[in-house]
Amino acid sequence: MADDNYLVDAQSGEQRFRLRRMLATGRSYQIVLAEDTASNGRLVCAKADLYDADRLDDRDYVAGRHEALESEWQFLQHLDSDLLPEPVAFFRASNAEADFEDEPVLVYEYIEGKTLFEWVEAEHDEGLAPEAALGILRDLVQFLISVHAAGYIYRDLDPRHLIVDDEGTLCGVVGFGNVAEKGERPNVAKMEYADAPYVAPEARAERSGKMLRPAADAYALGALMSFMLTGEEPRKVVENPLNWESYDRLSNLEPPGLALLVARLIQPLAKKRFGRLERLQPFLTMEGLPTTKTKGFGMMLLPAPFSGVEDPEKNRALKSKLSSGPLISVEDEAPVSRSHGEAAMDDDGMPRSWLIGAVIMALVTVAVLISMGVI
């Protein structure tokens, strides 16, 4: 892939980017820190695809990965934001030592700092101060409004993809591999990895593009806000994304409007969130937090956690071929077992149909007596 530690452009032979060290390795990519020799050694990130070893012969899969990386380049070129890294280059790097063809490489500006996940884990493991969390959220909402205006949905706000400085100020947003165009059929190669807990339920297995709307990013904001306020990552489970620790910490936050905001943002149904993030902005200050009397928040409750569903081996309901039934059920205080014939009887053993008829006849008789002046 490189001669003397340089990336080599397969078409021109240019050796512009000198590799320094590995920065990150994900499920479908690898990112290397490099120096741009054409810009006085400016630090940049060189991103390349990482493949499943047993799928290298799948031409559609490999082509899909290439297309996904190129779409990131197009996104960075299309959207101008202070939080996004500057796009630098996109080319095919020579890979003479490998058994497959030259690989596309995306090069973009390196943003100095640490990830929000690292910062919270190291210094705020029980959650950020509400003012700090709301400050980051305000910056992200403004960023996402510009993303939506450009015709995209960001989809995933994993704190590992948000860069902050030592004071916790948001410096940059990376991890744009899951970005998709609104209303367009998403790249299947990108959707294979869209099951993270920071992705809205309707956007995880979406193949048509019809459900990729701004409300999906509202969920991502809510999941991220839950992490920032509690230090606990949300879970993938749609019905109960909060664990006990995060649920307890959110429930005891002051003012309660913080929990109300999270509750609305992580609603499993998209129509119960915010369809436009401009409507969310007024609530992102301590003074503007909603109350139970605020329109749209009166019945909002945090999803209570429960255990069992996350472990398929221990949850027989997941293996059952029968209907799982309603999400909420109420057990009778004194359940009574009845046969099919007894089910049509009242408590005294009288057929219910007979009892109903008797009541109707009694009402008719009373009406007749009233009309005759007898009673």
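The values are calculated or read from the model by the stated rules, or taken from the named source; none is laboratory data. If you're wondering where the values come from, they're calculated on a predicted model, not measured in any experiment. Note: ideal-geometry Cβ built from the backbone for every residue, glycine included; neighbour counts use all protein chains shown. Ligands, DNA and RNA are stripped out before the accessible areas are found, and what is left, the full protein with its side chains, is counted by its heavy atoms. Shrake-Rupley method; radii C 1.70, N 1.55, O 1.52, S 1.80 Å.
Going by the structure shown, is Leu116 under 15 Å from Ser28 (Cβ atoms) and touching a helix residue (DSSP H, G or I) at 6+ places or on another chain (Cβ under 9 Å)? Against the criterion (under 15 Å from Ser28 (Cβ atoms) and touching a helix residue (DSSP H, G or I) at 6+ places or on another chain (Cβ under 9 Å)), Leu116 does not qualify.
Scanning segment 134-156 for residues that are closer than 24 Å to Thr285 by Cβ and modelled with pLDDT under 95 gives a single hit, Tyr154.
Among all positions in segment 95-110, there is no residue which is assigned to a helix (DSSP H, G or I), open to solvent by 20 Å² or more (accessible area, probe 1.4 Å) and in contact with a Lys or Arg (Cβ under 6 Å, 6 or more places away or on another chain). Among the residues making up segment 125-153, those that are open to solvent by 20 Å² or more (accessible area, probe 1.4 Å), over 14 Å from Leu253 (Cβ atoms) and either among the aliphatic types (A, V, I, L, M) or part of a loop (DSSP other than H, G, I, E, B) (or both) are Asp125, Ile145, Ala149, Ala150, Gly151.
Just give me the residues in segment 270-301 being open to solvent by 90 Å² or more (accessible area, probe 1.4 Å), within 21 Å of Glu239 (Cβ to Cβ) and touching a residue at least 24 places away in the same chain (Cβ under 8 Å), in sequence order. Across segment 270-301, the qualifying residues are Lys271, Leu301. In segment 276-283 there is at least one residue that is part of a loop (DSSP other than H, G, I, E, B), closer than 30 Å to Gly135 by Cβ and either among the hydroxyl-bearing types (Ser, Thr, Tyr) or modelled with pLDDT of 90 or more (or both). Listed here are the helices (runs of 4 or more DSSP H) enclosed by segment 164-259 that have at least 3 residues being open to solvent by less than 40 Å² (accessible area, probe 1.4 Å), closer than 26 Å to Glu131 by Cβ and touching a residue at least 12 places away in the same chain (Cβ under 8 Å): 214-230.
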